[in-house]
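Okay, structure first, notes after.
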Amino acid sequence: MFLAGVIVLPLAHAFWTSLHRIRGLTATFVGLRNYERVLEDEAFWHALGVSLRFTSISVAAHVLLGLGLALVLNELRVARTALRILFLTPWMVASAIGATIWLWLLEPQFGVVNHLLVTAGLVERPLAWLGEPGTAFAAVTAVEVWRGVPFIMLLMLAGLQTIPQEQYEAAAIDGATAVQRFRHVTLPNLRYLLVVASTLDIINVVRHYDIIGVMTGGGPAGATEVLPALLYNTAFRANRFGEAAAIGVMLLLMVLAFSIVYLRVTRIGRAEPGS
Amino acid sequence: MSRPGPFAATLLWLAVIVAAIVTVFPFYWMLNTSLKPASEVFLSPPGFVPAQWTLAAYATLLTERPFARYFLNSLIVSLGSTALSVALAALAAYGFTRFHIPGASALIVFLLFTKMLPETLLIIPYFRLMTELGLINTHLALILAYSSFALPFSVWMLIGFFRSIPREIDEAAIVDGASRLVAFFRVVLPLSRPGLVAVALFTFLISWNSYVWALVLTTDPSMFVLSVGIANMVGEYRVLWNELMAGAVIAAAPVMVLYALLERHLVSAITAGAVKG
């Protein structure tokens, strides 16, 4: 009952809001007008594009680096637990705090990132990372990658440990090289987990707001305005709750599509929970 | 697996070390900056260790800024939502596993689905609801919000744990004269301690780390939690980074300590939660 209260009610309320124009405490029914306005607004399509780029780059990097790191850690004989703890920290610490730390690292004048890049001769002069659209997008994506790799690594590490040793031994007897073992033993065994992890990660990244909220709020010039940022700005900066709710419902539909994929793949509907 | 040769082993370690540096360097830099006096923060080139170690930044936060208050708010809200969420989740999960509930499996799938809702969407109705109830700027508003966010997953995790405890055990207790509730508290709960710890930890971390909910549901600075208080300092005219980083240390330290102590519980919760739902 409580669940119904805390989840279903707000959700229904969100739908209701998306069909009304909200002025202070009064609401006027406007039908689908909010959706029309959002769909006619270039900002929405722009944010959709930014979201797609942000999510696809981040998820691809999470999966590649997370898998790579898991493979490497899995080979180690010593310090594995300590390293696993160490590698998981960016994911444990609040995104808002992680983002704040990165704001300081990327600070144009006194930030250490610019210092290192200039010293190494990679850039000629300090960059205003969050001041330019291109670098701002690169910066928030990099922070998202930094935050999200550990999660995928953890899943892959768990997956690697379920692969039967015999399969590797058999492959070794057949004279398979390390690359062949990876392609014919590791990958097929991990395929299911890779699909699950990527889907879950897409869901997590596409709705994530905190990093961009703290670092840029969507700017400069909308370069980092992903859908959740547009939603937040529309609701709490522009006070247009109806349109914001409409954006939210569309974001929800996107997430829902991936959730269905996820539930299908994991067959949770049929499996016993926790089994 | 065959042992890697010396060349491969060197490469492996090199990869690990590079990855470890990228992962941890921001935290090192946070600590480094937080221990510098203000005069050292705005130096170019920056110092990789403080030339002069000082706790001045921490002292300023605690005396001249309401950081003790933020910390307290974070603690109240996180502990409150943990208590509420674990209690409700345990009761709900017990109901799911011990009584016949029509449509239970559909409800369980629904639980998983709610875990995937975009929080920015839910914030709008919450904000309006809390405004109408006059709960803006109260701990209760945040406790309710975080509990609702953590609850579906917690219920789902605990269902798994309670299912693994044979029904016969609590039925035996009932035959011996215990009531349903006594059987639940005395028999089932103690047996599912690892699950309860994982769920409590999960809720605590979600609440402690949350940002955007608190940003929307609190406007009065005396009600800010740590994440909001810290992010707010970024917007100030002249950002004192050593103080800001000291704040980040204060916010991150409890998480890191809890995590290092209870890593095993948490990792099993994360992997179980992801792979199986």
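Each value in this text was obtained by applying a stated rule to the coordinates, not by laboratory testing. All figures in this text were calculated on a predicted structure; none of them were measured in a lab. In this analysis, Cβ positions are derived from the backbone assuming ideal geometry, glycine residues included, and neighbour counts consider all displayed protein chains.
What shape does the stretch A:167-265 take by its C-alpha gyration tensor, where a ≥ b ≥ c are the square roots of the eigenvalues and a/c under 1.5 counts as rounded, a/b above b/c as prolate, and the rest as oblate? Cα axes put the stretch A:167-265 in the prolate bin. Relative to the longest principal axis of the Cα atoms of chain B, the long axis of helix B:241-261 makes an angle of roughly 30 degrees.
For the peptide A:104-117, the mean number of other protein chain Cβ atoms found within 10 angstrom of a residue's Cβ is 4.
As a rough guide to protection, the peptides A:210-218, B:47-55, B:16-24, B:29-37 ranked by mean Cβ packing within 10 Å, highest first, stand as A:210-218, B:29-37, B:16-24, B:47-55.
Once you reduce the stretch A:36-56 and the stretch A:152-221 to the center of their Cα atoms, the two points are 28 Å from each other. Packing-based ranking of A:101-108, B:104-111 yields A:101-108, B:104-111, ordered from highest to lowest mean Cβ neighbour count within 10 Å. Taking the average, over residues, of other Cβ atoms within 10 Å as the packing measure, peptides B:140-146, A:220-226 rank B:140-146, A:220-226 from highest down. Helix A:42-75 and the long axis of chain A differ in direction by around 20°, with both axes built from C-alpha atoms.
On the basis of the beta-carbon distance and an R0 of 30 Å, B:E171 and A:I260 show a calculated FRET efficiency of 0.20.
Residues considered: B:F185, B:F202, B:F71. Largest GNM mean-square fluctuation over chain B, using C-alpha springs under 10 Å, is found at B:F185. With a 10 Å cut-off around each Cβ of B:84-92, the average count of Cβ atoms from other chains is 1.
Counting charges near A:L251 (Lys, Arg +1; Asp, Glu -1) among other residues having Cβ under 11 Å from its Cβ returns a value of 0. Any idea what angle helix B:6-34 forms with the longest principal axis of chain B, computed on alpha-carbon atoms, 0 to 90 degrees, nearest 10? The helix B:6-34 is inclined about 80 degrees to chain B.
Remark: mean inter-chain Cβ contacts per residue of B:213-224 equal 1, using a 10 Å Cβ-Cβ cutoff to other protein chain atoms. By definition, a body whose alpha carbon gyration tensor gives a ≥ b ≥ c is rounded when a/c is under 1.5, and the protein assembly as shown falls into this rounded group. Considering only A:V143, A:V59, A:V72, the mean-square fluctuation computed in a Gaussian network model of chain A, springs between alpha carbons under 10 angstrom, is largest for A:V72. The shape of the stretch B:123-274 comes out prolate: with a ≥ b ≥ c from the C-alpha gyration tensor, a/c is at least 1.5 and a/b beats b/c.
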